[in-house]
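I'd like to ask some things about the structure below.
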Amino acid sequence: MSNPLIESQSDCGDEPLVDLRGIRKAFGPSQVLDGIDLTIYRGEAVAIIGPSGTGKSTILRIIAGLLAPDSGDIYVQGKRRVGLIEDAPDPVGIGMVFQQAALFDSLTVDENVGFLLYQHSHLSQREIRRLVDEALDMVGLPGIGDRYPAQLSGGMRKRVSFARAVMTNPENPTDRPAMLLYDEPTAGLDPIASTVIEDLIREIQHGRGCSSYVMVTHQDSTIRRTADRVLFLHQGKIQWSGSVDTIDTTDNPLVRQFFSGKVEGPIHVIG
């Protein structure tokens, strides 16, 4: 049965890149996701929004294969995933940029960005360093490979995590991520640093082959500048879906309250 609150769906005829069907996930007595259906196509820029604690980051972790749902099916480019990503590789790469950058404090920027290549490739240290330098140039941070995360600002750490997410092994070019997942990429950043990150997200989409992404964010500017399609998650379900251009014209009370910031409305504030 269709949901009358869903205002639009992608009309792309291509095979879905990722398809979630009937996904449920509970943590103890709390049912966080309650029958989520979500289809992502190549080239899409999707933002998942909604109140805090509604399972948005949980969806990202399930898509990435880092967390298993309690029930439901996950298809990646038409192939059903069984278990977690560590159990069997997906047919396409999916990279994730975590909210807190998730860098190793004891490793240099070079070692963080090139971590997978240092651990799982036969490339020479010189070749890996060259690839790391290229990635750092891409995110506007040349010449910082010898620094440690503690020596960087919050915005710089975010950009380093982006460089790490798009690193690929030239010996195996098929492992280039086709999709990136961003968990609150501009959280805690000032407006100027946020703009830098927002521009970078679009540049990566158009210039690095990672043509699709799903983002969790609360930032108004980030939603409007980086998303094409917006999904509103509340009480375990996708309650609204629409293009970013329809945010200000929708009659959906959840969306209107969320963007107005009003306390009164269907979203109840927990004190």
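Restricting attention to segment 45-87, report how many residues are in contact with a Gly (Cβ under 9 Å, 6 or more places away or on another chain) and at positive phi.
Selection size over segment 45-87: 4.
I'd like to verify a number: residues in segment 105-146 that are over 24 Å from Ile204 (Cα atoms) and of a type in the set (D, E, K, R), how many?
Looking only at that region, the number is 2.
Failed condition for Arg80, given (1) exposed (fewer than 13 other Cβ atoms within 10 Å of the Cβ); (2) of a type in the set (Lys, Arg); (3) farther than 21 Å from Pro177 by Cα, with all others met?
Going through the list (1) exposed (fewer than 13 other Cβ atoms within 10 Å of the Cβ); (2) of a type in the set (Lys, Arg); (3) farther than 21 Å from Pro177 by Cα, Arg80 breaks only (3).
Let me ask something else about it. Quick one: in segment 32-57, of everything that is more than 16 Å from Ser241 (Cα to Cα) and in contact with a Pro (Cβ under 9 Å, 6 or more places away or on another chain), which residue is surrounded by the fewest Cβ atoms within 10 Å (Cβ to Cβ)?
Arg42
Here is a further query. Going residue by residue through segment 218-225, is there one that turns out to be at pLDDT 90 or above, closer than 12 Å to Ile49 by Cβ and among the acidic types (Asp, Glu)?
Scanning segment 218-225 turns up at least one residue that is at pLDDT 90 or above, closer than 12 Å to Ile49 by Cβ and among the acidic types (Asp, Glu).
Pairs needed: first member in segment 50-66, closer than 20 Å to Met179 by Cα; second member anywhere, part of a loop (DSSP other than H, G, I, E, B) and basic (Lys, Arg); C-beta distance under 8 Å; at least 6 residues apart or different chains.
From segment 50-66, the pairs are Gly65/Arg81.
The values are calculated or read from the model by the stated rules, or taken from the named source; none is laboratory data. If you're wondering where the values come from, they're calculated on a predicted model, not measured in any experiment. Cβ atoms come from the backbone with ideal geometry, glycine included; neighbour counts cover every protein chain shown.
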